[in-house]
Amino acid sequence: MLSHSDLKSGLLRLDLGKHLVIAHASLKAFGSVDAETLLNALLDTTRGVIMPAFTYKTMLNPEVGPPNNGMAYGTQVDLNKLAEAFHADMPVDPMMGVLAEVLRKHPKALRSSHPIQSFTGIHADAILNSQSIFDSLAPIGVLADNDGWVLLLGVDHAVNTSIHYAEKLAGRMQFIRWALTRERAVECPGFPGDSEGFNAIAGDVEKYTRRVEIGGALVQAVHLKSLIQAVMQKIREDPFALLCDRADCERCNAVRWS
Ligand SMILES: [Zn+2]
């Protein structure tokens, strides 16, 4: 089992003590590690941490909707019946990993209130408060303006939410989704595309990437503002950059047709 000091000494080598970070993590990649211990080590070695705390079970699939929106309408009538209204204590989707849920439950953590794409964090209140239903990825922009970093803990760019923010800045089409809240169903504009093809950015951000190995996990820190610029540049050069190769990918295909 990795100890707090194993984790702390590894993370210290990334030299992020003065910086806020957006973290994405797979605990499995570390071999044996306790989520609370990892979170404490992160808090000890950075200025503050945010993570996506997304909740996909609030999502609704309407019968009809706008064209070329990267989804098939009326196909998930049964799932609609299972949709749950977003509330502040709703657990983070298991797909986001255990660490995000542990962060959300930390007594010092704040969580934003977007019904699908909330973020949670500690020592990052202004960043979290920048989010609105119309600008779900605003926290990433504010984090970039504050010289923030992306921290990929045993995961790769395929889960790097910040790339979605850069895609939006580059003018790539965004989608509309719908979610249930306790008051009503709400329209959520600015929903991002598919991230499966995002590892194609790795070479472009090599210069802005720091790496350490901790336990079995590769931990990468990428300077956020540089990442955003690299993604925008790549999409300027090739409007289809960073899309995935899956022939039936509804959102990547929608971008190609737009
Ligand atoms: Zn795709």
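The values are calculated or read from the model by the stated rules, or taken from the named source; none is laboratory data. What you are looking at is a predicted structure, and each value in this text was computed from that prediction instead of being measured. Glycine also receives a Cβ, built like all others from the backbone with ideal geometry; neighbour counts cover every protein chain displayed. These accessible areas exclude ligands, DNA and RNA; they are computed on the full protein's heavy atoms, side chains included. Shrake-Rupley method; radii C 1.70, N 1.55, O 1.52, S 1.80 Å.
Considered as a group, the residues in region 168-198 that are more than 16 Å from the ligand (Cβ to nearest atom) and acidic (Asp, Glu) include one that is nearest to the chain's Cα centre (by Cα), and that residue is Glu187.
Against the definition (surrounded by fewer than 23 Cβ atoms within 10 Å (Cβ to Cβ), in contact with a Lys or Arg (Cβ under 8 Å, 6 or more places away or on another chain) and at positive phi), how does Asp194 come out, yes or no? Answer is no for this residue. Screening region 216-235 for residues that are touching a helix residue (DSSP H, G or I) at 6+ places or on another chain (Cβ under 7 Å) and open to solvent by 50 Å² or more (accessible area, probe 1.4 Å) and picking the one that is farthest from the ligand (Cβ to nearest atom) gives Gly216.
For region 236-252, filtered to residues that are crowded, with 18+ Cβ neighbours inside 10 Å and not in a loop (DSSP other than H, G, I, E, B), the residue that is farthest from the ligand (Cβ to nearest atom) is Arg251.
Can you confirm whether Ser258 is open to solvent by 10 Å² or more (accessible area, probe 1.4 Å), within 15 Å of the ligand (Cβ to nearest atom) and closer than 21 Å to Leu151 by Cβ?
Values: open to solvent by 10 Å² or more (accessible area, probe 1.4 Å): yes; within 15 Å of the ligand (Cβ to nearest atom): yes; closer than 21 Å to Leu151 by Cβ: no.
Answer is no for this residue.
Open to solvent by less than 10 Å² (accessible area, probe 1.4 Å), more than 19 Å from Arg184 (Cβ to Cβ) and not in a loop (DSSP other than H, G, I, E, B): which single residue out of Val142, Val150 fits that description?
Working: Val142 fails: open to solvent by less than 10 Å² (accessible area, probe 1.4 Å).
So the residue among Val142, Val150 that is open to solvent by less than 10 Å² (accessible area, probe 1.4 Å), more than 19 Å from Arg184 (Cβ to Cβ) and not in a loop (DSSP other than H, G, I, E, B) is Val150.
Among residues of region 191-214 that are within 15 Å of Ala230 (Cβ to Cβ) and of a type outside the set (S, T, N, Q), those with a Cβ under 7 angstrom from a residue that is open to solvent by 30 Å² or more (accessible area, probe 1.4 Å) and away from the ligand (no atom under 11 Å from the Cβ), sequence gap 6+ or separate chain, pair up as Ile201/Lys234; Asp204/Lys234; Tyr208/His223. Does His164 meet the test of being within 16 Å of the ligand (Cβ to nearest atom) and either farther than 20 Å from Ser113 by Cβ or touching a residue at least 40 places away in the same chain (Cβ under 8 Å) (or both)? So His164 does not fit the description; no.
When region 101-110 is examined, which residues are found to be touching a strand residue (DSSP E or B) at 6+ places or on another chain (Cβ under 8 Å) and either more than 17 Å from Ala25 (Cβ to Cβ) or without any contact (Cβ under 8 Å) to a residue 24 or more places away in the chain (or both)? Spell out how you get there, then give the answer.
Here is the first cut: in region 101-110, the ones touching a strand residue (DSSP E or B) at 6+ places or on another chain (Cβ under 8 Å) are 103-104, 106, 108-110.
If the condition is that a residue be touching a strand residue (DSSP E or B) at 6+ places or on another chain (Cβ under 8 Å) and either more than 17 Å from Ala25 (Cβ to Cβ) or without any contact (Cβ under 8 Å) to a residue 24 or more places away in the chain (or both), then Lys108, Ala109, Leu110 are the ones that fit.
Across region 158-187, the number of residues qualifying as part of a loop (DSSP other than H, G, I, E, B) and over 28 Å from Glu84 (Cα atoms) comes to 3. Looking across region 91-116, the residues that are more than 23 Å from Arg47 (Cβ to Cβ) and open to solvent by less than 50 Å² (accessible area, probe 1.4 Å) come down to Asp93, His114, Pro115, Ile116. Just a yes or no: is a residue in region 199-206 within 16 Å of the ligand (Cβ to nearest atom) and either buried (at least 20 other Cβ atoms within 10 Å of the Cβ) or more than 15 Å from the chain's Cα centre (by Cα) (or both)? Looking through region 199-206, at least one residue is within 16 Å of the ligand (Cβ to nearest atom) and either buried (at least 20 other Cβ atoms within 10 Å of the Cβ) or more than 15 Å from the chain's Cα centre (by Cα) (or both).
Check whether at least one residue in region 68-76 is on the phi > 0 side of the Ramachandran plot and in contact with a helix residue (DSSP H, G or I) (Cβ under 8 Å, 6 or more places away or on another chain), and report yes or no.
Of all residues in region 68-76, those on the phi > 0 side of the Ramachandran plot come to 68, 70, 74.
Imposing the further condition that a residue be in contact with a helix residue (DSSP H, G or I) (Cβ under 8 Å, 6 or more places away or on another chain) reduces the set to 68, 70.
Yes, the conditions are met somewhere in region 68-76.
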